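Worksheet: the structure to be examined is printed underneath.
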Amino acid sequence: MASKASRGRTGGPPDPLRLLAVGSLWLLIGVFILYPLTCLLFRAVTDDGAFALGPLIDVVRDPNHLKALWNSLMLAGLVGIVGTVAGFLFAFTVERVGIGRAGRKFLDLVTLLPLISPPFTTSIAFVFSFGPRGLITHDLLGMANAQVYGLRSTLVAEALTYFPLAYLALRPIIGQIGNHLEEAAYSLGSSRWRVFRTVTLPLTLPGLANAFLLLFAASLADFATPLILAGNSLPVLPTEAYLQITGMFDLKGGAVLSLMLLVPSALVYLAQRRLVSGRSYVTVTGKGSSRGERQAVAPWVRVTLVCACLAITLFIAYLYALLVCAASVVAFGANDTPTLTNYRAIFTDGLPAIEDTLIIALIGMPLGGLYGVVVGYLVSRSKSWGMRAMEFVTMINYALPGTIVGIGYLVAFNDQPIALTGTATIIIACYIFRYSPAGIRTSIALLQQIDRSIEEASLSLGASSVTTFRRVMLPLILPAFFTGLQVVFIRSMTAISATIFLVSINWTLITVRILENMTELSLGPAAAFSVFVIAIVLVVMSLLDWAMKHMIQAELRRSRETH
């Protein structure tokens, strides 16, 4: 039964403005999510407009493509295991080991760096460290012609890039585990190790599985790291699809290769949703505080955990410091004379890419944030099957690998009736409909904690649905709005797997220029571009955090003055 909020203040027919918003959203979702995927599927199963599975079967049965699929699955599995272990290590150390506020902030800052960096950052630093002229392999160890390319480097680089996802997913779960269960086990004479093994670890298993799936999906969709570090010995499907299109100009073959990732990606996504929806929070009860003082870990365990986390954070910090150094010398490893030539290059030859990227990011950021909170608001305030379907469909582009999304957009918008190829619109749309689900999920989570009576009271006093949303609901979900802004901006500055197929001579991106520099072995400008992106993202995130706090404080003052 529809609530008053969904039917208007009199309980009459549905609000026309709400119907208009829902209809407009379905139109946009149909054009920018369902239509590209449909076009991609159609291109894969047809030949000259006629239904034909022969070419698709030939591509799928190709031994080289099957090897690339196996490599993708193997790499994703290994990254999932290694990254989840590292994420659990950090989360457990922060929540259970007394490292102080400064220590927690340091770990948070270092784990944030891979998330706000271009996908090539770790790869570039690996080449500088372990390549033929690498700082570690050549200068420190004296190795000649060291090879940095292959499974090992790709695995470590991806694990360092994505383990913060596991850390962010596991930290609140470990923090929510009440210590009353552990205290009961201790009172029965259990050792610390036995309590950890039989009580603490089992309670985190849903979170561990979810973290593994997050990293598995991220690695499966990674385009940049394997392109640089995997080499010829480790072909993976995203890069094979890219080379099929850009190298062989075979759009159909690229479409088929990208669709080979569809089944494992869909299975991972469904498994993740099942785990998240089925997670139990029985450790959080209403019987008083469940946290209190926890049983301290053994001193040697504390030292081991802190040292392990410190080693990883120092290595990450080293990689980024190396990137800054490489951007500030003539040729890292060959000529270490300090220079600003690399930065001068990116602000001259690379200036169009910087301008285009900032324009696209600054346009997409508010649109993506608004799209996220509007969809989240409509979905959370209605239990109809249509809204549940909207929630599912909006997650499709987020769940699919970027290669599939990018090729789908290329196929769909390259010709009439909707020809957008070569314009900024197609890139902005790709970012909005691929990365706004973060804001959607945050909005839904926040709105689940807000009583519907607040909204219904505003409607009953004569306010329109638009006024109620703008003056009542939006201030309450500002954190979700700013989450959407941050995610869309960060991904607009750093993503490449989808948009590599959408750039043109009219509109290009910084990440594409970094890739070009890497393929041309212009590592100095590539490092300078990466440092510039990190600096811009940090500045914008700081400004958004300041704006959110300022707006929340202003809203609190207005509320106090009103009452």
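The values are calculated or read from the model by the stated rules, or taken from the named source; none is laboratory data. Note that the structure is predicted; figures quoted are calculated from it, not measured. Please note: Cβ atoms are built from the backbone with ideal geometry, for glycine as well, and neighbour counts cover all protein chains shown. Protein only, heavy atoms only, side chains kept; ligands, DNA and RNA dropped before computing areas. Shrake-Rupley method; radii C 1.70, N 1.55, O 1.52, S 1.80 Å.
Backbone amide hydrogens, once placed in the peptide plane, bring VAL330 within less than 5 Å of THR337, THR339, excluding anything fewer than 5 places away on its chain.
Considering only VAL60, MET260, GLY134, and ranking their Cα positions along the charge dipole of the chain that arises from unit charges at the beta-carbon of Lys, Arg, Asp and Glu, the one farthest toward the positive end is MET260. Pairwise inverse Cα distances across the range 354-436, averaged and inverted, put the Kirkwood hydrodynamic radius at 14.0 Å. Legend: calculated FRET efficiency, ASP250 to VAL31, from the Cβ-Cβ distance at R0 = 25 Å, rounded to 0.05, equals 0.45. Per residue, the accessible area of the range 472-563 comes to 44 Å² when a 1.4 Å probe rolls over the protein heavy atoms.
In whole percent, how big is the carbon plus sulfur part of the accessible area of the range 20-86, probe 1.4 Å, protein atoms only? Result for the range 20-86: 74 percent of the exposed heavy-atom area is carbon or sulfur.
With R₀ fixed at 35 Å, the C-beta to C-beta distance from LEU141 to PHE347 puts the FRET efficiency at about 0.45. Figure legend: label point modelled 7 angstrom from the Cα of TRP546 along Cα→Cβ; no residues of the range 475-516 have amide N under 16 Å from it. Think of each Lys and Arg Cβ as +1 and each Asp and Glu Cβ as -1; about the Cα centre, that makes the dipole of the chain roughly 2180 debye. Scan around THR46 for amide H atoms under 5 Å from its own, H built in the peptide plane at 1.01 Å from N, and keep only partners 5 or more places away or cross-chain. Sorted by chain and number, the residues that satisfy this are ALA52. Residue by residue, the range 79-84 carries 3J(HN,Hα) couplings of 5, x, 5, 5, x, 5 Hz when phi is fed to the Karplus relation 6.51 cos²θ - 1.76 cosθ + 1.60 (θ = phi - 60°); x denotes Gly or Pro. If I take R0 = 30 Å and measure r between the Cβ atoms of ASN232 and VAL301 in this structure, what FRET efficiency does the formula 1/(1 + (r/R0)^6) give, to the nearest 0.05? It comes to 0.10.
Where does the longest stretch of the chain lie that holds no GluC sites (Glu not before Pro) found in a DSSP loop with 15 or fewer other Cβ atoms within 10 Å? No qualifying site falls inside 1-292, the longest such stretch. Shown in residue order for the range 413-422 are the 3J(HN,Hα) couplings computed by the Karplus curve 6.51 cos²θ - 1.76 cosθ + 1.60 at θ = phi - 60°: 10, 7, 9, 5, x, 10, 9, 10, 4, x Hz (x for Gly and Pro). Our summary gives the range 297-377 a relative contact order of 12 percent, counting only alpha carbon pairs under 8 angstrom and 6 or more residues apart.
Residues of the range 306-329 with an amide N closer than 19 Å to a point placed 7 Å from the Cα of ASP336 along the Cα-to-Cβ direction: 315, 317-329. Taking label positions 7 Å along the Cα-Cβ direction at both PHE315 and ALA102, the computed distance is 2.6 nm, reported to one decimal. Working note: 222 nm ellipticity from helices only, DSSP H runs with n ≥ 4, each -39,500 (n - 2.57), summed and divided by the residues of the chain, gives -22000 deg cm²/dmol to the nearest 500.
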